[in-house]
Amino acid sequence: MIQKTKGAQSLSFTETPYLISSGSVVGKKEGEGPLGNLFDMVGDNLFGAKTWEEAEGTMQSEACILTLGKAHVSAEQVRYLYGGDLLRQGIATSMGVEKLQIPMFGLFGACSTSGEALALASMAVAAGYGEYMLAVTSSHFGTAEKEFRFPLSYANQRPLSAHWTVTGSAAFLVGRKKSPVKITGVTVGKIVDYGLKDSQNMGACMAPAAADTIMQNLEDFGRSIEEYDRVVTGDLGYVGKSILVDLMREKGVDIEKNHIDCGMTIFDQKTQDTHSGGSGCGCAAVTLSSYILPKIAGGEWKKVLFVPTGALMSTVSYNEGSSVPGIAHGIVLETA
C-alpha cells in the first residue's frame, strides 16, 4: 500500500510526497502589503499584457517557470499539471501553461483550488504515476471584478464584509525527491451550504465548509487541534474568521489560538482599504508559497493544516437567486 484511507474523507501517505519548490507572483497592491518582501516577483497588474486575462495567464506562466527553475527541473520532467483559476473555462490557466506543454487537468474549486490541486498532485505522486507533478492557480482583481461583480466604472460601494480579490499566482512542484516540507495527508472537502445568498460576504458562506473540513480532519486522523502548530484557512477574512471560531467552539474545539487566515495576512486592513481581507485562488496560494512554507521548512512550524476555502458561485447562480455553497480542502504539511 502506498496510501491508505483515513476515516470518511482523508488519505495518509506511506510513500511520502514532498513539496519540493514553489514560486509566487503578485501585483502592485499585494507587493505593498505585509508580505511584499517575501514574494518572488512583484509586477504591475498587466505584466506586459494587453488584457487582464492575458495578465493572469502570464502570472501563472511565470510562477511555473520560477518553481521549476528553483528545483532545476524541466517542464519535460513533469508528468502532469493540475491548474485552475476563477474564470469561465479556466482561460487564465490554459493561456498561462500552454507553452509549457505539460499534460494538464483543469480544475475549479473557486478559492480552494490550490488545495484541490495539491491534493491531486500529492495523490498522483504517492500512487507512483510520475516523479514530478505541478500544481498552479491564480486570481486577478481585474478579471474577477469583470466576471463576477459590477463594473468598477459604476463606482458602487463595497460593503465592509466584501473581500478584495488578490492579484497573484503560485505554483508548487510535488515529487518524490526529499525536501524540507512533506505532505503527509489530505482531507478532501465536501459541499456545505447554509443557504446564504450574499456574494459580498463570502467569508460567511465559506466558514461552515472550513469548520466541516477541519473537524473531519481531526476525526479522521484522531488528532486534537493542539497537534497542529497552525491551522491556516484560505480567505475567510475578518468576518469569516469570527464565524469559524464560533462554529468550532460549538463543536467543542477552540481554534483561535493557533489559527491564521491568508486573507487577513496578505493585506493590511488599516492602510490598504481591503475591508474583510483578501480572496481569490491566488490568495491562499501565494501566502502558502511566500510565508507559510518557509516557516515549515525552517522548523518554526512543524505540522500545519492548510485549508483553502472556496465560495462556489457564478454570475448565473447569483442572478437566479441561488445560495452560495462553500468547500474547503485540507492539506497536512510537515517538516521533513
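The values are calculated or read from the model by the stated rules, or taken from the named source; none is laboratory data. Treat the numbers as computed from the prediction; the structure is a model and nothing was measured. We place every Cβ from the backbone using ideal geometry, glycine too, and count neighbours over all the protein chains shown.
Annotations
- When we screen Asp268, Asp254, Asp261, Asp246 for residues that are acidic (Asp, Glu) and touching a residue at least 60 places away in the same chain (Cβ under 8 Å), the only hit is Asp268.
- Answer residue from region 223-242, given it is over 19 Å from the mean Cα position of the chain (by Cα) and free of Cβ contacts under 8 Å to residues at least 60 places away in the same chain and is farthest from Gly7 (Cα to Cα) among those: Ser242
- Residues that are surrounded by 18 or more Cβ atoms within 10 Å (Cβ to Cβ) and either aliphatic (A, V, I, L, M) or part of a loop (DSSP other than H, G, I, E, B) (or both), drawn from region 254-276: Ile255, Met264, Ile266, Phe267, Thr274, His275, Ser276
- Residues located in region 58-69, provided they are touching a residue at least 60 places away in the same chain (Cβ under 8 Å) and more than 17 Å from the chain's Cα centre (by Cα): Glu62, Leu66, Leu68
- Residue count for region 277-305, restricted to those that are within 15 Å of Phe141 (Cα to Cα) and not in a helix (DSSP H, G or I): 4.
- Some residue of region 204-222 being closer than 15 Å to Val304 by Cβ, more than 15 Å from the chain's Cα centre (by Cα), assigned by TED's automatic domain parsing to the domain that holds Ser323 and without any contact (Cβ under 8 Å) to a residue 40 or more places away in the chain: yes
- Residue ID - farthest from Ala8 (Cα to Cα), chosen from residues in region 214-251 that are of a type in the set (A, V, I, L, M) and outside any helix (DSSP H, G or I): Leu236
Listed here are the residues, each with its yes/no results for (1) more than 25 Å from Ser279 (Cβ to Cβ); (2) within 19 Å of the chain's Cα centre (by Cα).
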{"residue": "Phe13", "(1), (2)": "yes, no"}
{"residue": "Tyr18", "(1), (2)": "yes, yes"}
{"residue": "Val73", "(1), (2)": "yes, no"}
{"residue": "Tyr82", "(1), (2)": "no, yes"}
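- Residue-level analysis places Leu81 among those that are touching a Leu at 6+ places or on another chain (Cβ under 9 Å), crowded, with 21+ Cβ neighbours inside 10 Å and among the aliphatic types (A, V, I, L, M).
- Selected residue (only one of Ser317, Ser322 is without any contact (Cβ under 8 Å) to a residue 12 or more places away in the chain, more than 20 Å from Lys257 (Cβ to Cβ), among the hydroxyl-bearing types (Ser, Thr, Tyr) and out of contact with any Leu (no Cβ under 9 Å at 6 or more places or on another chain)): Ser317
- Listed by first and then second residue, the pairs with beta-carbon distance under 6 Å, at least 6 apart or on different chains, first residue in region 280-299 and touching a residue at least 60 places away in the same chain (Cβ under 8 Å) and not assigned by TED's automatic domain parsing to the domain that holds Lys28, second surrounded by fewer than 24 Cβ atoms within 10 Å (Cβ to Cβ) and in a helix (DSSP H, G or I), are Thr287/Thr265; Ser290/Leu38; Tyr291/Leu38.
- Thr58 being within 25 Å of Thr274 (Cβ to Cβ), of a type in the set (Val, Ile, Thr), at pLDDT below 95 and in contact with a helix residue (DSSP H, G or I) (Cβ under 9 Å, 6 or more places away or on another chain): no
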